[in-house]
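Have a look at the structure below before the remarks.
The values are calculated or read from the model by the stated rules, or taken from the named source; none is laboratory data. Values in this document were obtained by computation on a predicted structure and should not be read as measured data. In this analysis, Cβ positions are derived from the backbone assuming ideal geometry, glycine residues included, and neighbour counts consider all displayed protein chains. For accessibility, only protein heavy atoms count, side chains too; no ligands or nucleic acids. Shrake-Rupley method; radii C 1.70, N 1.55, O 1.52, S 1.80 Å.
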Amino acid sequence: MKPQRTFYNWLTNRYLLIIRNEENFAEKTTFSFNYAKMILFIVGIFIIFLTFSLSLSKTLLARWYDPQLKEIEINKKIVELSLSVDSLASEVDKKEKFIQSLKNIVEEDKSFLTAKDSVNKTSAKVEIKNLNNIDPIDEELREEFENETIQLVSVQNNKQDELQSALLFPPLSGIVSSKYNSKIDHYGVDVLSQPNEPVRSVSDGTVTLSSWTQDAGYVVAIQHRNNLVSVYKHNSALLKKVGNYVKAGDVISIIGNTGELTNGTHLHFELWHEGNPINPEDFVSFNF
């Protein structure tokens, strides 16, 4: 009676594969195998091939044949280019506004200087006509006035010497577009600088004003030693409150274009000593 063959026996039954030379039947190579090893080998090869195929379909083949992936990459590049164009357009717009404000202020200065020259010429002609008709009483009054003026100038010189000894920090670096001129009630200087430039305190002191006004926009005023007060106008934002103590160089506001008496981004800076305005350029350098 033949032994019963089972599936296990079929899998584990060993076979010998002999490779011979066709001409002389010489044995070249022999392989020992069974169906279990053969099935495992074929399954392993299939798994490796499947894994390799899936990796190719997700990477290299996807780049070749998937139109959505290519469209996504193109959209990313378009978004990056649009952002770059927007940032460049914004920078160009800021520079054009800065140049336009500079042109407006320069044109105002030219018109003012032209009007001033015409007024000076007219007054000079009138003075020349009246030099020969001076009354003796007027002569005495003029001498008294000149003496008082000399005394006032000496007092002002002493005050300036006192202020010169104090070191004042520049509020910001820029170009002085409109100078101090008390004859036209311009008691400070207008300084052009970059947008969003921080404004700094010129010396140690206490903030006495930090609010909004119709003409000057956001304004900061600081009380310093030696009865000196500094005023900063047309700011876009205020960073200190009334009562805050600040040191020289502390940021107190941001340059702006607020208020009715302005036509471009700049800082209007004033210095007052004992209630009298003084020329800030005598004590502070605004050069870049």
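A few remarks follow.
- Region 189-241, relative contact order [Cα under 8 Å, separation at least 6], %: 29 percent
- Surface per residue (accessible, 1.4 Å probe) for region 193-288, Å²: 46 Å²
- Near the amide H of SER253, within less than 5 Å, lie the amide hydrogens of VAL199, LEU239, all on another chain or at least 5 residues away, with H placed in the peptide plane.
- Rounded to whole numbers, the Karplus 3J(HN,Hα) couplings from phi for region 205-217 are x, 10, 6, 9, 8, 8, 7, 9, 10, 5, 7, 9, x Hz, using 6.51 cos²θ - 1.76 cosθ + 1.60 with θ = phi - 60°, and x at Gly and Pro.
- Built amide H within the under 5 Å cut-off of ALA248, gap 5+: ASP204
- Cα gyration tensor shape for region 207-272, rounded if a/c is under 1.5, else prolate or oblate: prolate
- The listed peptides 265-275, 181-191, 212-222, 36-46, ordered by packing as a protection proxy, come out as 265-275, 212-222, 181-191, 36-46 (highest mean of other Cβ atoms within 10 Å first).
- Total formal charge among the other residues, if their Cβ is under 13 angstrom from that of GLU260, Lys/Arg +1 and Asp/Glu -1: 0
- Virtual spin-label span in nm between PHE25 and LYS95, 7 Å along Cα→Cβ: 9.5 nm
- Sequence-separation-based contact order of region 172-288, relative, with Cα cut under 8 Å and 6+ spacing, percent: 31 percent
- Annotation: amide H of THR213 within the under-5 Å range of TYR218, VAL219, sequence separation 5 or more or interchain, hydrogens built in the peptide plane.
- What the phi angles of region 237-249 give under the Karplus curve with 6.51, -1.76 and 1.60, with θ = phi - 60°, is a coupling list of 7, 10, 10, 10, 10, 4, x, 5, 8, 10, 10, 4, x Hz, glycine and proline written as x.
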